[in-house]
1. If neighbour count is taken as other Cβ atoms inside 10 Å, put Thr182, Thr169, Thr127 in order from fewest to most.
2. Beyond a 23 Å Cα-Cα separation, which of these cross-linked pairs lie in this structure: Lys137/Lys189; Lys54/Lys322; Lys293/Lys322; Lys137/Lys293?
3. Starting from the Cα of Ser119, move 7 Å in the Cα-to-Cβ direction to define the label point; list residues of the stretch 127-144 whose amide nitrogen is under 18 Å from there.
4. Suppose the chain between Ser273 and Glu37 were pulled fully straight at 0.36 nm per residue; how much longer would it get relative to their current alpha carbon spacing?
5. Would you kindly derive the ³J(HN,Hα) couplings of the stretch 198-204 from the backbone phi angles with the Karplus curve 6.51 cos²θ - 1.76 cosθ + 1.60 (θ = phi - 60°), listing them in order in whole Hz, with x for Gly and Pro?
6. I need the Kirkwood Rh of the chain: take the reciprocal of the average 1/r across all distinct C-alpha pairs and report it in angstrom.
7. Treat the count of other C-beta atoms within 10 Å as a stand-in for reagent exposure and order Leu362, Leu250, Leu239 from fewest to most.
8. How long is the gain from Glu178 to Gln373 if the chain were fully straight, where each residue apart is worth 0.36 nm and the alpha carbon distance is subtracted?
Amino acid sequence: MPTTPTPEELIARARAMIPILRERAPTQDAERRLSAETISDFKEAGFFRIYQPKRWGGYEMSPRVFCEVQMALAEGDMSAAWVYGILSVHNFHLALFDDRAAYEVWGQNQEALIASPYSPGRAIPVTGGYRFSGRWKFSSGTDHCNWIFLGGAVQREDGTMAGFDEVRTFLLPRRDYEIVDTWNVVGLKGTGSQDIVVNDVFVPEHRVHKQMDALAWSSPGHAYNPGPLYRLPFWQVFLRAVSTSAIGGLKGMVDDFVNYGRARVNVVGSQTSRDPDAQLAVAEGLAAVDEMKGTLHRNFAAMEAHVAAGTIPSTEDRMRWKFQCAAVPERCHQIAHKLFRASGGAGIYTSQPFGRAYTDILPMGNHYANQFQVSGRNWGGAMMGQDNADRLL
């Protein structure tokens, strides 16, 4: 059995891939999906095993290791880091399912990958499971996956859909769904986030996971995967997978701008290195990256301390953590905008990296999980005496 790498080794492997990912990014953007070679490189480096249970060949490492790897990959290509984050966090989720689901996915192939999305389709209860149908958008990296997680709301006997308490995640094999090529977008072009269609397939009960079990720390997988990783708050782990790429992407953009600004002289003879707006944008970018990474590590350290103590984090803490997570893409976009403006006319050419970095950070803030206004208003309102309205904490 191969030796488990240290966190430092995994992060070093990710950093070593930065120039390779930068070289591949234009081709992957043009093809609107990651190459099989990139996914193979991630597998060979062991990145997908960070969240995978040890009993299935994984490493069961801290989210802090996962996030450092994702941020490093994003310095090379945000599309690659985004897909890595989405597919990798699904290994964390599968560990919460009935163990029969893990046997189906990893029993024959421990490198099998799972796509998503989680927005709800329609699930009709039948003997032994559900009849399941729907159409979903934004299935990132789906061409490289053997399985998929799809959200579903349970249909009542009167034909109406049940509320949040009856929302589930359904696990389907590749034969049970269709991938529809729709990914023509302005940013994150290389993620291949296609549509998914399911037409009345049967999903057995053991391949279904209740959202309420995740929120109540009572998932069936805990009996088989008792490690502290799987006791962390589900949504706090999941949400970081769809915001953290922005931090690495901004760091890469700042580094590129520093190298560019040292040498650039514009058409009227002014040096970018002497431009006060450029100087301030670099300082803000470096400070923001440092602060956002520090917050990320501090928050996960607090969650891990709760697991070690056998306590549950307060609702107030989880509201704060969620807002700090969701606000990342917006803050990165604001600084990326300043850097892009300071790059001047020469910065708009595709031969420069600034346009791609800017347009990759921009759509991250459009993801449902990164609506920082919603989580911020909820947190602020709760601090002033209003009821907490957010279940996904």
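All of the numbers you see were taken from the coordinates with simple rules; none came from a lab. A quick note: this is a predicted structure, and the numbers were derived from the prediction, not measured. Cβ: placed from backbone, ideal geometry, glycine included. Neighbour counts: every protein chain shown.
1. Working: Thr182 13, Thr169 23, Thr127 6.
Ordered from fewest to most neighbouring Cβ atoms within 10 Å, Thr182, Thr169, Thr127 come out as Thr127, Thr182, Thr169.
2. Numbers: Lys137/Lys189 14 Å; Lys54/Lys322 28 Å; Lys293/Lys322 14 Å; Lys137/Lys293 30 Å.
Table pairs above 23 Å Cα-Cα are Lys54/Lys322; Lys137/Lys293.
3. 133-143
4. Numbers: separation 236, 0.36 × 236 = 84.96 nm, distance 3.83 nm.
Computed gain between Ser273 and Glu37 is 81.1 nm.
5. 3J(HN,Hα) across the stretch 198-204, in whole Hz: 10, 10, 6, 10, 8, 10, x.
6. Numbers: mean 1/r = 0.0459 Å⁻¹.
The answer is 21.8 Å.
7. On the way: Leu362 18, Leu250 30, Leu239 23.
With the sparsest Cβ surroundings first, the list reads Leu362, Leu239, Leu250.
8. Numbers: separation 195, 0.36 × 195 = 70.20 nm, distance 3.43 nm.
Residue separation times 0.36 nm, minus the Cα-Cα distance, leaves 66.8 nm.
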